[in-house]
Amino acid sequence: MTSALVFSDDTIISMGPETKVAIDEYLFDPLKKKLAFVTRIIHGTVSFLSGQLSKLAPVTGTWITPRRRMRRFRKENTFT
């Protein structure tokens, strides 16, 4: 079974079966310029479609995987 999360900035995270992720930080208040997105992929497969946050502050998001840490990403991404 897959599942998905939809955030207030329209970012969508889809997760495959047996996937575990942790949302360490999420801030989306563009008027106060408080923008942050830090997610850890513990294991499994994750696809995401970035929302408004990546348009307003492209280097604000961070994905941490067992193999690497990424700060810049494309509009659509898949991690395993």
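Rounded, prolate or oblate: which one fits region 16-58, using the alpha carbon gyration tensor with axes a ≥ b ≥ c (rounded when a/c is under 1.5, else prolate when a/b beats b/c, else oblate)? Since a/c reaches 1.5 and a/b is larger than b/c, the shape of region 16-58 is classed as prolate. Among 38-48, 4-14, 22-32, sorting by the average number of other beta carbon atoms lying within 10 angstrom of each residue, highest first, gives 38-48, 4-14, 22-32. Net charge in the neighbourhood of Thr39 (other residues with Cβ under 10 Å of its Cβ; Lys, Arg +1, Asp, Glu -1) is -1. Inter-label distance, Asp10 to Ile64: 2.9 nm, where each label sits 7 Å from its Cα along the C-beta direction.
Since every read-out is calculated from the coordinates, none of them should be taken as a lab result. Keep in mind that what you see is a predicted model, and the values were worked out from it rather than measured. Here Cβ is always computed from backbone atoms with ideal geometry, including for glycine, and neighbour counts include all displayed protein chains.
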